[in-house]
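Read-outs throughout are calculated quantities, based only on the coordinates presented, and are distinct from any laboratory measurement. Computed from a predicted structure; not experimentally measured. Neighbour counts are summed over all protein chains in view; Cβ atoms, including those assigned to glycine, are modelled from backbone coordinates with ideal geometry.
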């Protein structure tokens, strides 16, 4: 479902028909930015959400169950596939928006990479950071200005 109008920095403790977007809803904003409505999981490592940080699709113990509406910042409870850039700092099991397409400024610096590099969320960080992509990694973004933490999101959804 593509929505018109969204409070991108809001978090929600419950889904209420007519008051919150449906899980998995997509919102297209100005400037080519696209957002997805998801549920946040702190996961086994109890990693708190940070606005402007990349989140992974949630996959307990690294085993994906095919869910594309739950995200985490805990690499150990993901399959290493980046989901998007958090727009707020939800608590465990709260609902929020992630940016999946368009230009974004990250809260954390890139682990590696230079302007123009393809980026992946695969890495060894306890919190999600983007790094230069290897041939076999899923590309989730491109570095626009690596030193300023500006990327062009191209996360799968």
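Provide the packing ranking of 63-70, 47-54, i.e. peptides ordered by the mean count of other C-beta atoms within 10 Å per residue, highest first. Show your work: numbers first, answer last.
Numbers: 63-70: 13.4, 47-54: 19.2.
Ranking, from highest mean packing down: 47-54, 63-70.
Tell me, what is the percent relative contact order of the chain, built from C-alpha pairs under 8 Å that lie six or more residues apart?
22
Can you give the FRET efficiency to the nearest 0.05 for residue 147 and residue 64, using r as the Cβ-Cβ distance and R₀ = 22 Å? Intermediate values should be presented prior to the final figure.
Details: r = 33 Å, r/R0 = 1.52.
After rounding to 0.05, the efficiency reads 0.10.
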Just to be sure I understand the model, the point goes 7 Å from the Cα along the line to the Cβ. What's the resulting residue 51 to residue 103 distance in nm?
2.0
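Need the full-extension length gain, residue 19 to residue 112, defined as separation in residues times 0.36 nm minus the C-alpha distance. One decimal, nm.
Working: separation 93, 0.36 × 93 = 33.48 nm, distance 4.07 nm.
Using 0.36 nm per residue and subtracting the Cα-Cα distance, I get 29.4 nm.
Sort 7-13, 146-152, 90-96 by the packing proxy (mean of other Cβ within 10 Å over each peptide's residues), most packed first. Could the numbers behind the result be given before it?
Values: 7-13: 14.3, 146-152: 16.1, 90-96: 18.0.
Highest mean packing first, the order is 90-96, 146-152, 7-13.
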